[in-house]
Amino acid sequence: MNIWQDMQARLDELAKRDLLRSPRELSSAAGERVTIAGRDVLCLCSNDYLGLANDPAVRAAAVEAIERWGVGSGASRLISGTMSPHVELERALADFKGTEAAVVTPAGWMANHAAVTTLVGPGDLILADKLNHASILVAATASGARLRTYHHCDTQRLETLLRRHRASHRRCLIVTDSLFSMDGDLAPLREIVRIKQQYDAQLLIDEAHATGVLGSGGQGAGELLGVEGQIDVTVGTLSKAIGTAGGFVAGPDVLIRMIRNTAKSYIYTTAPPPAICAAALAALKIIQTQPQRREKLLQLAADFRDGLHAAGMDTRGSVSQIIPVVVGSAGEAVSLSEMLLEEGFFIPAIRPPTVPPATSRLRISLSASHHAADLERLVNILRDRI
């Protein structure tokens with residue numbers, strides 16, 4: 001069997017297990033409603049939580065920047081790729097997050113890689129929640145540090161691992177998502193902060209799904225839980241509530257300068273398009289001046305969860321705009337997703353390896369652009385079908 005035949009056999013096996021994926025093509029802009037195969041459907045799977053990806057002010061900022069700066073940045077950040085929009089966005093993100101400095105990367109995945117591999121290396125210890133985003137776990141492996149995982153949000157296990165292993169490692173980094181992308185629940189950040197201080201560890205949190213949504217100012221879960229000033233490093237994305245693309249690391253100036261000088265995912269890639277940075281700046285201003293967007297979003301989410309609970313469905317501890325409806329097998333999740341698409345709801349099935357076996361689900365993610373009546377209709381359909 002040659003390499004291509006082997007690949008086909010593996011794809012056939014995935015198909016037999018209902019794990020083969022093929023992306024749906026959208027013929028419309030991101031938004032509350034999208035067009036798939038000529039049909040207008042309600043999009044309930046996007047991370048555009050505040051409806052900023054197609055906001056007129058954000059679009060206008062991008063268009064204006066293209067006219068001035070062109071489309072591509074032309075080079076990596078350390079060659080000629082750093083333009084004024086990059087610098088302006090980094091200053092704004094540092095101010096927004098209350099840190100000394102920030103650095104922007106072309107993707108959130110790259111931001112986690114840059115942060116983790118700069119903070120630790122061989123001889124160090126990383127302790128990570130088992131349900132952290134894959135980018136964190138891949139970065140931890142790439143760092144060369146010893147990686148140990150603890151059960152989801154299990155601070156007792158985290159402390160046990162520190163008692164056993166902290167003394168035999170030079171440095172220790174605790175890494176956790178702040179808002180988990182598949183369950184919509186929060187990390188116990190107050191307790192993790194206490195533990196990291198007790199054991200002389202650093203704490204990195206990934207605020208990808210919380211930035212712009214949680215906290216009175218939209219800074220994220222750290223702000224919501226009152227521990228933002230005790231977080232050592234924050235990673236975030238521009239591609240979710242901020243509505244554009246890319247990632248960032250915010251933290252001490254010395255860390256950001258170290259990333260610029262040593263992080264391969266920063267050094268060896270072309271800089272983000274300047275128009276994306278300009279659009280992100282416009283979106284960040286909206287987040288800071290229009291709190292009603294996140295207030296509406298969180299109220300929609302609370303009401304929707306209440307409706308699901310009243311219909312007898314478990315939302316796995318979600319406290320956010322991310323609301324899982326666990327089905328079980330991959331095949332059942334795919335069938336339910338296809339049925340809902342026929343009813344006008346676009347919610348792809350989430351299956352292993354993204355989630356653990358036997359927990360395939362609909363991962364419903366809400367936007368401030370959604371309407372209560374549509375969500376009530378979805379609850380009624382799910383009540384009849386699950």
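The values are calculated or read from the model by the stated rules, or taken from the named source; none is laboratory data. Computed from a predicted model, the values in this text were never measured in an experiment. Glycine also receives a Cβ, built like all others from the backbone with ideal geometry; neighbour counts cover every protein chain displayed.
General observations
- No other residue among Val235, Val254, Val249 is within 20 Å of Val87 (Cα to Cα), surrounded by fewer than 24 Cβ atoms within 10 Å (Cβ to Cβ), at pLDDT 95 or above and not small (Gly, Ala, Ser) apart from Val254.
- Condition met for Pro348 (without any contact (Cβ under 8 Å) to a residue 12 or more places away in the chain, within 25 Å of Ser22 (Cβ to Cβ) and within 24 Å of the chain's Cα centre (by Cα)): no
- Residue under evaluation Val193, criteria (1) of a type in the set (A, V, I, L, M, F, W, C); (2) touching a residue at least 40 places away in the same chain (Cβ under 8 Å); (3) closer than 22 Å to Leu224 by Cβ, criterion not met: (2)
- Matching entry among Gly121, Gly72 (being part of a loop (DSSP other than H, G, I, E, B) and either in contact with a Pro (Cβ under 7 Å, 6 or more places away or on another chain) or among the aromatic types (Phe, Trp, Tyr) (or both)): Gly72
- Filtered by the rule that a residue be within 22 Å of Val326 (Cβ to Cβ) and aliphatic (A, V, I, L, M), the range 169-192 gives Leu179, Met182, Leu186, Ala187.
- Boolean, Ser265 is crowded, with 22+ Cβ neighbours inside 10 Å, of a type in the set (S, T, N, Q) and over 30 Å from Ile381 (Cα atoms): yes
- Residues (closer than 22 Å to His113 by Cα and either more than 26 Å from the chain's Cα centre (by Cα) or of a type in the set (Ser, Thr, Tyr) (or both)) located in the range 172-203: Thr176, Ser178, Ser181
- First in the range 125-136 and closer than 18 Å to Ala167 by Cα, second anywhere and surrounded by fewer than 21 Cβ atoms within 10 Å (Cβ to Cβ) and of a type in the set (S, T, N, Q), Cβ under 6 Å, 6 or more apart: Ala128/Thr149
- Check on Ala301, over 20 Å from the mean Cα position of the chain (by Cα) and not polar (S, T, N, Q): no
- Per the listing Gly246, Gly220, Gly251, the residue uniquely in contact (Cβ under 8 Å) with a residue 24 or more places away in the chain, touching a strand residue (DSSP E or B) at 6+ places or on another chain (Cβ under 8 Å) and either within 17 Å of Gln321 (Cα to Cα) or among the acidic types (Asp, Glu) (or both) is Gly220.
- Yes/no for Asp253 being of a type in the set (D, E, K, R), touching a Pro at 6+ places or on another chain (Cβ under 9 Å) and in the same structural domain as Val175 (by TED's automatic domain parsing): no
- Filtering the range 353-378 to residues that are modelled with pLDDT of 95 or more and surrounded by fewer than 20 Cβ atoms within 10 Å (Cβ to Cβ) leaves His371, Ala372, Ala373, Asp374, Glu376, Arg377.
- Selection of the range 1-39 for residues being in a strand (DSSP E or B) and in contact (Cβ under 8 Å) with a residue 60 or more places away in the chain yields Val34, Ile36, Arg39.
- Cβ pairs under 8 Å, 6+ apart, first in the range 84-95 and over 12 Å from Ala280 (Cα atoms), second assigned to a helix (DSSP H, G or I): Ser84/Pro274
Table: residues versus (1) among the β-branched types (Val, Ile, Thr); (2) at negative phi; (3) assigned to a strand (DSSP E or B).
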| residue | (1), (2), (3) |
| --- | --- |
| Gly184 | no, no, no |
| Ile192 | yes, yes, no |
| Ala208 | no, yes, no |
| Gly212 | no, no, no |
| Gly215 | no, no, no |
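- If the condition is being over 11 Å from Val104 (Cβ atoms) and hydroxyl-bearing (Ser, Thr, Tyr), then the range 74-90 contributes Ser76, Ser80, Ser84.
- The residue that is farthest from Ser216 (Cα to Cα), counting only those in the range 266-323 that are out of contact with any helix residue (DSSP H, G or I) (no Cβ under 9 Å at 6 or more places or on another chain) and not in a helix (DSSP H, G or I), is Tyr268.
Residue by residue, here is whether (1) in the same structural domain as His209 (by TED's automatic domain parsing); (2) out of contact with any His (no Cβ under 9 Å at 6 or more places or on another chain) holds:
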position: Leu11; (1), (2): no, yes
position: Asp18; (1), (2): no, yes
position: Glu32; (1), (2): no, no
position: Gly38; (1), (2): no, yes
position: Gly51; (1), (2): no, no
position: Val63; (1), (2): yes, yes
